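Asks: One structure, pasted below without further comment.
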Amino acid sequence: MTMLAFVSSYTPLFDLVLIYSLIALSQYVSFRGGVLSLAPAGFTLIGAYTGAIMIKSTGLGAMAGICASIAMGACAGLLLALPLARLRGVFPAIATIGFVQIVVSLALYAEPLTGGAVGLTAIPKVATTPCLVAALAAVVGLLSVINRSNVGSAFDAIRQDVTVAESLGIRVAHYYRVNFALSGAIGAVAGCLLAYNTYAITPEEFGFGMLVFAATAVILGGRSSIAGAIIGTAILLVLPELARPLHDQRLLMQGALLIVIITYLPQGIVDTARELLRQRRSVRHPVVPARKVAA
Amino acid sequence: MFTQQIINGIVTGAVYALLALGLTLVFGMHRILNFAHGAVFMWGGLIGYYLVTAANFPFWAAFVCAMVGAGLISICLDLLVFRPLRRRKGDELSTIVASIGANLVLITIAQQVTNAQSLRFPFDTFPLEFYRAYGLQISSLQVVIIVTVVLMVGGLLVYLFKTPLGAQVRAVSIDEPASTLLGVNPARVYLQTFFLSGMLAGAAGAIIGLTFNSISYTMGESLMLQAFVVIILGGLGSIVGTVAAGVLIGMIQTLVTAYISSELSDAILFGILFIVLLVRPNGIFAGFHVEHRAA
Amino acid sequence: MKLGRLLLAVLAGVVLVDVVHAEEIVVGVQIPLSGPVAAIAGPRARHGVDIAVQEINSSGMLGPGRTIKALIEDNAGDKTQAITLANRFMSSDKVSALIGVFGSGLSVPVAPIANDLKTPFLAFGSSPGIVEPGPWGFCLFYQSEKQVAITSDLAMGRLGVRSLAIIFDKTNDGSVRMKNSLEAQVRARGGQIVSSDGITPTDTNFGPLATKLASMKFDALYVESNPAVGANVFVQVRQAGVGPNVKFLGAPQMNSPVLMQIGGKAVDGMFMPTPYHAGMPSPENKAFVDEFRKRTSSDPDLPSGGYYASMMLIAHAIRNAGPGADRQKIRDALAALKNTPSVLGQGKYSFDVQRFGEYQDGLVQIADGKAKYVPLN
């Protein structure tokens with residue numbers, strides 16, 4: 001089999017890895033900021049339908065669709081942040097799961113707009129691989145910049161300990177909203193690109209399955225690094241292809257993997273690897289304290 | 001029709017309460033949100049089914065064994081999944097994720113065991129009679145559901161508040177380290193609570209599988225989200241609150257289906273969840289744990 | 001010495017004959033063996049494919065030295081995997097055709113891929129989205145509107161129904177399209193739709209819905225869902241008090257032994273139009289049903305019959321296209337199929353100009369727990 005045939009047959013998988021990495025990054029943003037939100041699947045649905053409806057009903061083209069999706073996603077995030085900012089612990093988790101269910105139900109119900117269970121089809125395939133690579137690179141770049149900025153430090157502080165962050169003067173509620181808006185925008189972009197790449201969308205693909213996928217990818221790869229979300233996504237999407245001979249055991253393996261990773265490797269793969277590298281480096285180049293000269 | 005729908009609502013509510021009881025017990029006592037609870041419920045139904053069909057047990061015997069079996073599965077969950085996490089000081093997110101993984105594992109095993117078929121108890125498993133009066137009707141099975149819930153709730157309250165074992169459970173839930181000073185073995189308490197929770201779920205699985213003519217590997221999934229709404233509405237950890245909330249949710253769902261639209265019932269349900277979280281996140285009745293709200 | 005040379009000649013001859021005539025044609029098959037729809041399609045569909053392959057090869061229908069091989073993979077009812085598999089089949093595995101891909105939710109995204117990679121694709125579905133992207137997509141079944149016309153004819157003609165209640169699967173696009181068409185057709189004929197309620201395939205508590213229906217007056221109830229759920233609906237509807245003179249009508253997909261297993265007495269008297277039933281009297285079907293019974297000790301249902309029929313149709317196309325046929329020739333031969341013997345319908349299958357299937361549905365009525373095949377008129 002030629003290299004070309006190999007690449008062309010696996011391009012769609014690569015495209016999906018790129019798109020789903022964005023969904024995972026939306027989830028990463030939440031976890032990074034200490035927000036127990038599982039909403040990315042809902043943001044993805046909103047972005048997908050916005051993008052699809054824009055490109056099919058208005059003549060404004062793909063970029064307009066993407067911008068509209070970003071706006072809708074950010075708005076949805078802000079709307080969620082308002083009631084949830086005051087809650088802690090498992091409440092935001094349950095509420096955001098409920099949010100995902102609500103948008104799926106609404107997408108099923110609003111037939112004239114969303115096509116109901118049939119969904120939307122014949123969406124022009126404008127998001128080709130180079131476009132997806134560019135989008136992912138842009139988001140990764142944006143997140144790297146954010147991580148190094150005040151916003152990133154605020155997120156870290158809030159994630160470590162909310163009360164301490166408050167006492168340090170960090171406006172927790174404000175950053176909570178920023179976090180949700182960012183997560184919403186990224187999730188929506190992912191959804192828009194999904195619509196522009198896979199020709200058809202239905203409400204079912206954005207439900208609990210996608211929610212679990214996003215959380216699993218970030219947990220698997222590592223919650224504190226951008227690379228973690230991407231690697232986690234790649235593993236989860238490529239594993240079923242490699243594990244094909246094992247058929248139904250696929251889901252079983254994913255479930256078992258989740259349990260094992262979260263218990264024994266809670267930092268995720270990338271973060272643990274980084275930690276190990278750092279330890280090894282410090283062993284090789286120990287910091288030697290200066291010799292005290294007797295006075 | 002309205003009165004008949006009220007009866008339906010109470011029965012539906014009793015169903016939710018049965019399922020939610022075990023969930024709120026474990027959350028109230030140990031702050032563990034067990035996503036695998038639905039799978040334990042489903043396995044209760046499956047065990048009951050196989051005992052009746054393959055081993056020719058009479059229903060009451062299969063019912064008892066289903067409860068015990070589900071309790072044992074629940075204990076395994078604690079031993080294999082939650083206890084290792086506790087030892088490693090896992091956080092709330094880790095517990096949720098691990099239970100999602102466990103859920104996946106239990107469901108896929110069931111899927112393979114049942115060959116993905118939808119099963120029903122044989123037609124003569126339980127004498128199905130209809131009691132009619134004043135234009136209303138209720139079936140023997142519906143009565144059994146209501147009676148079961150009442151008995152379960154009564155038994156649970158007696159256990160928790162009138163027995164020394166129950167006192168230990170409550171002690172651990174209030175302050176685990178302090179309770180060890182008093183000679184309580186927390187590990188054993190966890191096992192008890194999980195066993196109880198599993199028993200409740202197993203009973204629910206067998207009864208519901210019988211009443212609604214359907215046992216399948218997906219039967220836990222669709223009810224789990226309603227169960228989450230119920231435990232939040234009722235106050236996490238409150239037994240009585242859960243039952244009250246269950247009946248309320250059952251009533252609302254029934255009336256929405258009957259008078260508005262079955263398509264919207266999910267959306268309305270989660271809308272209610274949001275409102276409750278906004279206005280009264282501690283639910284109708286304060287439970288054993290009150291979520292601390294930061295500022 | 002002489003023996004040696006003779007042996008060599010024979011060996012050479014055999015090898016030559018083999019090289020010249022052996023042609024193994026690979027057909028890709030996607031079945032949801034796991035995942036949400038596995039219970040409906042899944043393993044039984046696989047048997048349909050296996051039996052077809054065995055029959056095609058053992059009967060030599062493709063011609064001397066030509067055999068067919070089925071590359072069966074599980075798409076888990078998931079769109080992402082369906083797309084990835086379709087690409088893999090068509091690009092690296094170089095299949096000559098793709099069949100299966102159960103349901104429009106998965107088939108519609110695969111259709112444009114089949115057109116890009118120019119591979120004939122015979123989908124187990126009926127959505128226009130399968131044939132719209134280009135000439136390489138085919139629908140095994142005909143459009144929902146046409147399918148449901150049989151039900152509305154039956155109801156309003158033969159059964160004298162004037163008012164209808166509908167329960168449909170709101171998560172399944174085929175089901176939603178059928179419901180919309182049925183509503184339109186009934187109204188166009190002066191009938192009345194008293195209620196139209198959506199359910200999901202994981203619902204089991206139909207108490208509220210059944211009670212609502214029991215308080216209304218209507219002549220017939222049409223349920224569009226999978227067999228297990230549909231049967232459960234009928235059971236609970238009867239329990240709630242919907243009278244015995246209300247006719248029950250089922251969707252084609254409910255045609256399965258599961259319907260009777262779960263429904264029991266509640267489904268007696270029910271009518272279902274169906275493209276496939278194990279009781280259909282064509283000789284092809286008798287042979288297929290016998291073989292299926294031998295392998296699984298149960299009767300084939302719509303998915304198993306449909307997958308078997310799909311494989312056989314591709315085989316006919318491959319045969320008609322001739323030895324060494326490429327994908328283009330196979331596609332053209334497929335489109336040109338007319339009155340091909342098939343287990344579907346009354347035994348003759350064609351593709352119409354829009355590449356939907358053309359065949360005559362059968363009608364099934366449940367009586368005493370058995371599905372009896374009933375003449376359509």
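Asks: Can you work out the Karplus-derived ³J(HN,Hα) for every residue in the range C:202-211? Use 6.51 cos²θ - 1.76 cosθ + 1.60 with θ = phi - 60°, whole Hz, and x for glycine or proline.
Replies: 9, 5, 10, 9, 9, x, x, 5, 5, 5
Asks: I would also like to ask the following. Any idea how far apart B:Val240 and A:Ala64 come out in nm if each label point goes 7 Å out from Cα toward Cβ?
Replies: It is 6.1 nm.
Asks: At q = 0.11, 0.15, 0.19, 0.23 Å⁻¹, work out log10 I(q)/I(0) for the range C:23-102 with the Debye formula, treating every Cα as an identical point scatterer and leaving solvent out; two decimals please.
Replies: Computed log10 I(q)/I(0) values: -0.30, -0.53, -0.79, -1.03.
Asks: With the contact rule set at Cα under 8 Å and sequence spacing of 6 or more, what percent relative contact order holds for chain B? Please report the intermediate quantities before stating the final value.
Replies: Numbers: 470 pairs, mean separation 109.0, N = 295.
Averaging sequence separation for qualifying contacts and normalising by length gives 37 percent for chain B.
Asks: For chain B, list log₁₀ I(q)/I(0) at each q in 0.12, 0.14, 0.15, 0.16 Å⁻¹, using the Debye formula over Cα point scatterers of equal strength and ignoring solvent, two decimals each.
Replies: -0.77, -1.05, -1.20, -1.36
Asks: Gap in Å between the Cα centre of the range B:43-91 and the Cα centre of the range A:78-125?
Replies: Comparing the Cα centres of the range A:78-125 and the range B:43-91, I get a distance of 34 Å.
Asks: As an exercise, use a Förster radius of 30 Å and the Cβ-Cβ distance of C:Val26 and A:Ala122 to find the FRET efficiency, rounded to the nearest 0.05.
Replies: Efficiency, rounded to the nearest 0.05: 0.50.
Asks: Taking chain A as a Gaussian network, Cα atoms linked when under 10 Å apart, which of A:Gly222, A:Gly152, A:Gly268 shows the biggest mean-square fluctuation?
Replies: In this elastic network of chain A, the residue with the biggest mean-square fluctuation among A:Gly222, A:Gly152, A:Gly268 is A:Gly152.
Asks: What whole-number value in Å² describes the accessible area per residue of chain A for a 1.4 Å probe? Numbers along the way, then the final one.
Replies: Working: 12400 Å² over 295 residues.
Solvent-accessible surface per residue comes out at 42 Å².
Asks: Highest first, please rank the peptides A:36-47, C:296-307 by the mean number of other Cβ atoms sitting within 10 Å of their residues.
Replies: A:36-47, C:296-307
Asks: Which value results when the Cα radius of gyration for the range C:263-336 is divided by 2.2 N^0.38 Å?
Replies: 1.46
Asks: Also, I was wondering about something else. Roll a 1.4 Å probe over the protein chains and send me the accessible area per residue for the range B:15-217 in Å².
Replies: I get 38 Å² per residue for the range B:15-217.
Asks: Compute the accessible area per residue over the range C:329-373, keeping the other protein chains in place, probe 1.4 Å, unit Å².
Replies: For the range C:329-373, the solvent-accessible area averages 43 Å² per residue.
Asks: Name the long-range amide H neighbours of C:Met270: under 5 Å, sequence gap of 5 or more, or other chain; modelled H, no Pro or chain starts.
Replies: Counting only residues 5 or more places away or on other chains, the set is C:Ile366.
Asks: State, to one decimal in nm, how far the label point of A:Thr163 lies from the label point of C:Asn57, with both points 7 Å from Cα in the Cβ direction.
Replies: Taking the two extended label points, one gets 7.1 nm.
Asks: Now a separate question. Leaving out ligands, DNA and RNA, calculate the buried accessible area for the pair A and B with a 1.4 Å probe, summed over both sides, in Å² to the nearest 100.
Replies: Looking at A and B, the buried total is near 3800 Å².
Asks: Have a look at the DSSP beta bridges in the protein assembly as shown and tell me what percent are antiparallel, nearest 5. Could the numbers behind the result be given before it?
Replies: Working: 19 of 56 bridges.
In the protein assembly as shown, approximately 35 percent of DSSP beta bridges are antiparallel ones.
Asks: How many angstrom separate the Cα center of the range C:317-377 from the Cα center of the range C:115-178?
Replies: One Cα centre to the other: 15 Å.
Asks: If the limit is 24 Å between Cα atoms, which of C:Lys146/C:Lys170; C:Lys170/C:Lys372; C:Lys118/C:Lys179; C:Lys247/C:Lys348 go over it?
Replies: C:Lys170/C:Lys372; C:Lys118/C:Lys179; C:Lys247/C:Lys348
Asks: While we're here: Please sort A:59-70, B:226-237, C:243-254 by packing, taking for each peptide the average over its residues of neighbouring beta carbons within 10 angstrom, highest first. Walk me through the numbers on the way to the answer.
Replies: Details: A:59-70: 17.4, B:226-237: 26.8, C:243-254: 20.1.
The densest-packed peptide leads the list: B:226-237, C:243-254, A:59-70.
Asks: Give me the percent of accessible area attributable to carbon and sulfur for chain B, probe 1.4 angstrom. Intermediate values should be presented prior to the final figure.
Replies: Details: 7610 of 11100 Å².
Answer for chain B: carbon and sulfur cover 69 percent of the accessible area.
Asks: Filter the trypsin sites (Lys or Arg not before Pro) in the range A:58-162 to those in DSSP coil with at most 15 other Cβ atoms within 10 Å of their Cβ, and list the result.
Replies: The qualifying sites are A:Lys125.
Asks: Starting from the 7 Å offset along Cα-to-Cβ, what nm value, one decimal, do you get for the label separation of C:Ser282 and B:Asp124?
Replies: Those two pseudo-labels are separated by 4.1 nm.
Asks: Can you tell which of A:Leu252, A:Leu220, A:Leu113 shows the greatest fluctuation in a Gaussian network model of chain A with Cα springs below 10 Å?
Replies: A:Leu252
Asks: How large, in percent, is the carbon and sulfur part of the accessible surface of chain C at a probe radius of 1.4 Å?
Replies: Values: 7620 of 13550 Å².
Carbon plus sulfur share of accessible area: 56 percent.
Asks: Follow-up. Using the Karplus curve 6.51 cos²θ - 1.76 cosθ + 1.60 with θ = phi - 60°, what ³J(HN,Hα) values do you get for each residue of the range A:266-272, in whole Hz, with x for Gly and Pro?
Replies: Residue by residue, the range A:266-272 yields x, 6, x, 5, 5, 5, 5 Hz.
Asks: Calculate the mean, over all residues of peptide B:30-40, of how many other protein chain Cβ atoms lie within 10 angstrom of the residue's Cβ. Kindly include the intermediate steps, with their values, before the conclusion.
Replies: Values: counts 0, 2, 1, 4, 0, 2, 1, 0, 0, 0, 0.
So the per-residue partner count for this stretch is 1.
Asks: Using 1/(1 + (r/R0)^6) with R0 = 25 angstrom and r between the beta carbons of B:Arg88 and B:Phe274, what's the FRET efficiency to the nearest 0.05?
Replies: 0.15
Asks: While we're looking at this one, here's another question. In whole angstrom, how far apart do the alpha carbon centroids of the range B:200-271 and the range C:255-316 sit?
Replies: The distance from the Cα centre of the range B:200-271 to that of the range C:255-316 comes to 36 Å.
Asks: Same structure, new question: If you rank A:Glu241, B:Glu129 by how much accessible surface each has, with a 1.4 Å probe, what is the order from largest down?
Replies: Largest accessible area first, the residues go B:Glu129, A:Glu241.
Asks: Please find the FRET efficiency linking A:Leu78 to C:Asp352, where r is the Cβ-Cβ separation and R0 is fixed at 60 Å, and quote it to the nearest 0.05.
Replies: On the way: r = 52 Å, r/R0 = 0.86.
The pair A:Leu78/C:Asp352 has a calculated efficiency of 0.70.
Asks: Divide by every residue of chain B the summed helix terms, -39500 (n - 2.57) for each DSSP H run of at least 4, and state the resulting mean residue ellipticity at 222 nm, rounded to the nearest 500 deg cm²/dmol.
Replies: Helices in chain B give a 222 nm mean residue ellipticity of -24000 deg cm²/dmol.
Asks: Given the Cα-Cα distance of A:Thr272 and A:Arg86 and 0.36 nm per residue of separation, how much length would full extension add, in nm?
Replies: Working: separation 186, 0.36 × 186 = 66.96 nm, distance 3.23 nm.
Difference between extended and current length: 63.7 nm.
Asks: Over all residues in B:213-221, what is the mean tally of Cβ atoms on other chains that come within 10 Å of each residue's Cβ?
Replies: 5
Asks: Also: Could you work out what % of the accessible surface of chain A is carbon and sulfur, using a 1.4 angstrom probe and leaving DNA, RNA and ligands out of the count?
Replies: Details: 8540 of 12400 Å².
Solvent-exposed carbon and sulfur of chain A make up 69 percent of the total.
Asks: Let me ask something else. Work out from phi, with θ = phi - 60° and the Karplus expression 6.51 cos²θ - 1.76 cosθ + 1.60, the ³J(HN,Hα) of each residue of the range C:170-180, listed in order in whole Hz, and give x for Gly and Pro.
Replies: After applying 6.51 cos²θ - 1.76 cosθ + 1.60, I find 6, 9, 10, 5, x, 4, 5, 5, 4, 4, 4 Hz.
Asks: Residue by residue through B:129-140, how many Cβ atoms from other chains fall within 10 Å of the Cβ on average?
Replies: Per residue, the number of nearby Cβ atoms from other chains is 1 on average.
The values are calculated or read from the model by the stated rules, or taken from the named source; none is laboratory data. Note that the coordinates shown come from a computational prediction; the quantities given were computed from them, not determined experimentally. Glycine also receives a Cβ, built like all others from the backbone with ideal geometry; neighbour counts cover every protein chain displayed. Just the protein is used for accessible areas: all its heavy atoms, side chains included, with ligands, DNA and RNA removed. Shrake-Rupley method; radii C 1.70, N 1.55, O 1.52, S 1.80 Å.
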